[in-house]
Amino acid sequence: MKVCVIGTGYVGLVTGVCLAEIGHRVICVDKDNKKISLLNSGKIPIYEPGLKELISKNRSSESMIFNSDSGSGIRQSDIIFVCVDTPPNPSGHPNLTAIDEVAKLIGSSINSYKIIVNKSTVPIGTAKRIEKIIKDNQTIDNNYDFDIVSNPEFLKEGEAVKDVFFPERLVIGSDSRKAIDIMKKLYEPIINQDFDYAESNSNKKEKIPILITDSTSSELIKYASNAYLATKISFINEIANLCERIGANILDVTYGMGLDSRIGPKFMKAGIGWGGSCFPKDVRALRYTSEEYGAPAGILNAVIQVNNQQKFKVIQKAMDMLGIIDDKIVGVLGLSFKPDTDDTRESPPIAIINKFLELGAEVRVYDPVVKKYPPYMDSGATIVDDPYEAIDGANLLVLVTEWDEFLNLDYKKVKNLMKFSNIIDGRNFLNKEKLQDIGFKYVGIGI
Ligand code: UDX
């Protein structure tokens, strides 16, 4: 099928290349000319395992092309995926400017029946909003039929390609039988797990469950899923904080809880809290919508509040270890909001680093992938190229992102380099016993 993907961010690029790989002809468009030139020169603006190779393969076979002419992309395609960003407004409500612009463009460019698929996480009711904007921008000359489909993405950064090819479910929300049938056809290779990439891949599944529903329920499935996962983490972090007070161990507690199949072992890691481009934005947006519609968001308020406080547990622990923070050297390992991504949006490490600087510490940061100063990070911190440089002469080492690389550091060397052997492991990631044997004072979260 001929597909146009509007927006070449995380969601757009991964969706586009995966659709090309399963046999469709995909035009990826973005109004940012520079981004399109970069992509056309074979460079990928984001770090995502496997993405570069797949894009290069599908560009060579011309099943995927990049173009900055969105109108032409729309006209040449039967299905249009909207993958533009919906950044949060201060109120928590997502900013829909980019979505509205795309809807206007579709309205003025439409030249045959089209399906418009909402992939971006959009506020509940956006499918109807897009429909209205498209209609308002059609003229008598291009008054073609179209259908809107809500088809939320559930991709995790760092595992995005895998999540598109081998999803746990596909959700399709639409009132149009015709659009639903075409969407099923589009995804047929994924639903049946019948495409080349899957053949040699250990993640291949038998068949993918597909849920057909209305667009409003589909939009809510996405928000409620992310909010539920964030709730799980905030809950566990609250229990971890209690563990510290009463002398229990959160690792044993979560293991014991997870053995109950109704609870399950996943997404139960205590730490410095959740961040990233999705959870913070989506939880706030769902709270906003709940309140807007008079459905109290008591749980969501608490989930956000616990998370806001959780990052600063590291600071309290540092104060307990070091006393006055002023003039102390703090080596920070990690900067991205989680491993295997260069994304620093709403990354808890940034708030922690800023707080250490505010308290007068000298902060050196090492991350295997993030090498540039992220927005909102105080430029007083130094980003270094070598993990040992970050902790050289430090009073304290703080691990904030659980990159595998940090498991394999030479901790005897680390101890010799540091002024004092203090470690705060904000992700309960390192081997506590081993580090204590080497002579470190080790503190985790809830252990
Ligand atoms: C998330 C959803 O998982 C995905 O389905 C959705 O489409 C987009 O949002 P992502 O933002 O990539 O994906 O990150 P995820 O791996 O879910 O982690 C989110 C945050 O929770 C990270 O900050 C992570 O460190 C934290 N986390 C996760 C924990 O603190 N503990 C856990 O047990 C799991």
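Scanning region 384-430 for residues that are of a type outside the set (D, E) and free of Cβ contacts under 8 Å to residues at least 12 places away in the same chain turns up N408, N416. In this structure, is V17 touching a strand residue (DSSP E or B) at 6+ places or on another chain (Cβ under 7 Å), assigned to a helix (DSSP H, G or I) and open to solvent by less than 10 Å² (accessible area, probe 1.4 Å)? Criteria met by V17. The set of residues in region 36-89 being over 22 Å from the mean Cα position of the chain (by Cα) and at positive phi consists of G42, E62. Number of residues in region 337-359 that are farther than 15 Å from F279 by Cα, within 8 Å of the ligand (Cβ to nearest atom) and of a type in the set (K, R) equals 0. For region 155-189, a residue qualifies if it is open to solvent by less than 10 Å² (accessible area, probe 1.4 Å), within 16 Å of the ligand (Cβ to nearest atom) and touching a residue at least 60 places away in the same chain (Cβ under 8 Å), and the qualifying residues are A160, V161, F165.
All conditions in (1) out of contact with any helix residue (DSSP H, G or I) (no Cβ under 8 Å at 6 or more places or on another chain); (2) open to solvent by 60 Å² or more (accessible area, probe 1.4 Å); (3) not charged (D, E, K, R) hold for Y197, with the sole exception of (1). At least 3 residues being open to solvent by less than 50 Å² (accessible area, probe 1.4 Å) and within 12 Å of the ligand (Cβ to nearest atom) is the threshold, and among the helices (runs of 4 or more DSSP H) wholly inside region 229-323 those reaching it are 250-258, 279-292, 298-310. Taking the condition farther than 21 Å from T15 by Cα and assigned to a helix (DSSP H, G or I), does I133 pass? It is true that I133 is farther than 21 Å from T15 by Cα and assigned to a helix (DSSP H, G or I). If you check N58 against the conditions, is it open to solvent by 20 Å² or more (accessible area, probe 1.4 Å) and touching a residue at least 12 places away in the same chain (Cβ under 8 Å)? Considered against the rule, which asks whether it is open to solvent by 20 Å² or more (accessible area, probe 1.4 Å) and touching a residue at least 12 places away in the same chain (Cβ under 8 Å), N58 comes out as no. Here Y223, Y255, Y288 are screened, and the one residue that is closer than 30 Å to G444 by Cα and aromatic (F, W, Y) is Y255.
The values are calculated or read from the model by the stated rules, or taken from the named source; none is laboratory data. Small disclaimer: the values here were computed from a predicted structure and weren't measured. Backbone-built Cβ (ideal geometry, glycine too); neighbour counts: all protein chains shown. These area figures cover heavy atoms from the full protein model, side chains too; ligands, DNA and RNA do not enter into them. Shrake-Rupley method; radii C 1.70, N 1.55, O 1.52, S 1.80 Å.
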